[in-house]
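Report on the following structure.
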Amino acid sequence: MILTLEKALTGISGILVTPYDDAGDIAPKRLTPIIDRALNAGMHMPVVNGNTGEFYALTTDEACQMAEEVVQMVDGRAPVLAGVGRGLRDAVQLAKASAEAGATALMIHQPPDPFVAPRGVVDYLKAIADASGGLPMMIYLRNDTIGTQAIADLCAVEGVKGVKWATPNPMKLAAAKAACDPSIVWVGGLAEVWAPSFYAVGARGFTSGLINIWPEHSMAIHAALEGGDYAEANALIAKMEPFEDVRAQEMNGTNVTGVKAALQAIGQNCGPTRPPSAWPLTQNQQATMEGFLKANGLV
């Protein structure tokens, strides 16, 4: 049974890596075994062109191709969320391409432009919605300093169905949730480690980079949280802390590096990361990652 978008959002949004070949070009087909394993484990929704997918390291044409090929690989087995962002014309091109590819919904990266007005983002969202033909939109919020009212204004744009909350401020999440339409779905956007805190204030579901490596573990964490068993969820999260610790180093500059290094170690080579991401892991980081993989029977 294929989940509805609303139901899938309350599950695990698995942020897929972007594989590269030996020449450094994107190699989408290398995702096939990763997607198959994650979906077989029960992952609710794959996400292409997210930050773990090195969205900002890709050209717009590469991101369009990734959206098209991931939708084909998923082949109707789950809803697909496609990341859209950067300058308005790039975002519009990506929105059109993702819609034509058959994506279920769009995840709108918060514009990184140094001169962003919250009311300008409202116009940005409307232009993306028009370009996609009205695909549902998820706001990917990484900066909550815009304030509760501005967040409410974004959520009021027609077509916005939810928010992936990616700031370590659960109380601000609670305030924003209270200020918006109850139909908006609030998703923990800082992976498994922050999921219990976000669940405690009403979020449901979470993003995950671990699904590229160990989707079964992510599913167990989700099941524990859905069952209200925070002790079990926290115990499971503790087992993955070395993985997340490596990813958080160097100002998060090893976030994707850690995932791709782990994939190489388990025989799923997706190539290196592109600068300005760090590559490869340092000797100490690699030892920590290999210890995590061996301790959990992943190699």
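The values are calculated or read from the model by the stated rules, or taken from the named source; none is laboratory data. For clarity, every value in this text was computed on a predicted model and none was experimentally measured. With ideal geometry, Cβ positions are generated from the backbone for all residues, glycine too; neighbour counts draw on all protein chains shown.
So if I check each of A57, A97, which one is buried (at least 18 other Cβ atoms within 10 Å of the Cβ) and either touching a residue at least 60 places away in the same chain (Cβ under 8 Å) or closer than 23 Å to R274 by Cβ (or both)? Explain how you work it out, then say what you get.
On the way: A57 fails: buried (at least 18 other Cβ atoms within 10 Å of the Cβ).
Going through A57, A97 in turn, the sole match is A97.
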What are the residue pairs meeting all of these: first residue in region 154-167, first residue within 22 Å of I15 (Cα to Cα), second residue acidic (D, E) and not in a strand (DSSP E or B), Cβ atoms under 8 Å, and 6 or more apart or on different chains?
K161/E6; W165/D144; T167/D144
Given (1) of a type in the set (V, I, T); (2) buried (at least 18 other Cβ atoms within 10 Å of the Cβ); (3) under 27 Å from P111 (Cα atoms), identify the lone condition not met by I35.
(3)
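Please verify whether R77 is more than 24 Å from A131 (Cα to Cα), in contact with a Pro (Cβ under 6 Å, 6 or more places away or on another chain) and either modelled with pLDDT of 95 or more or buried (at least 20 other Cβ atoms within 10 Å of the Cβ) (or both), treating the condition exactly as stated. Steps first, answer last, please.
Values: more than 24 Å from A131 (Cα to Cα): yes; in contact with a Pro (Cβ under 6 Å, 6 or more places away or on another chain): no; either modelled with pLDDT of 95 or more or buried (at least 20 other Cβ atoms within 10 Å of the Cβ) (or both): yes.
It is false that R77 is more than 24 Å from A131 (Cα to Cα), in contact with a Pro (Cβ under 6 Å, 6 or more places away or on another chain) and either modelled with pLDDT of 95 or more or buried (at least 20 other Cβ atoms within 10 Å of the Cβ) (or both).
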Residue selected from region 110-144 under the condition surrounded by fewer than 22 Cβ atoms within 10 Å (Cβ to Cβ) and closer than 17 Å to G188 by Cα, by the criterion farthest from the chain's Cα centre (by Cα)
D144
So P215 ticks every box in (1) over 20 Å from M43 (Cα atoms); (2) modelled with pLDDT of 95 or more but one. Which box is left unticked?
(1)
Pairs returned, first residue in region 106-117 that is in a loop (DSSP other than H, G, I, E, B), second residue that is among the aromatic types (F, W, Y) and surrounded by fewer than 18 Cβ atoms within 10 Å (Cβ to Cβ), beta-carbon separation under 9 angstrom, 6 or more apart or interchain, are P112/Y56
Tell me yes or no: at least one residue of region 21-30 is in contact with a helix residue (DSSP H, G or I) (Cβ under 7 Å, 6 or more places away or on another chain) and crowded, with 23+ Cβ neighbours inside 10 Å.
no
Report yes if A38 is outside any helix (DSSP H, G or I) and closer than 25 Å to I266 by Cβ, otherwise no.
no
State yes or no: is G209 in the same structural domain as I184 (by TED's automatic domain parsing), surrounded by fewer than 22 Cβ atoms within 10 Å (Cβ to Cβ) and closer than 28 Å to L5 by Cα?
no
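Confirm whether Q264 is more than 30 Å from G147 (Cα to Cα) and free of Cβ contacts under 8 Å to residues at least 60 places away in the same chain.
Details: more than 30 Å from G147 (Cα to Cα): yes; free of Cβ contacts under 8 Å to residues at least 60 places away in the same chain: yes.
Here the answer is yes, as Q264 does meet what is asked.
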Restricted to region 243-257 and to residues being touching a residue at least 40 places away in the same chain (Cβ under 8 Å) and within 12 Å of L210 (Cα to Cα), the residue surrounded by the fewest Cβ atoms within 10 Å (Cβ to Cβ) is E244
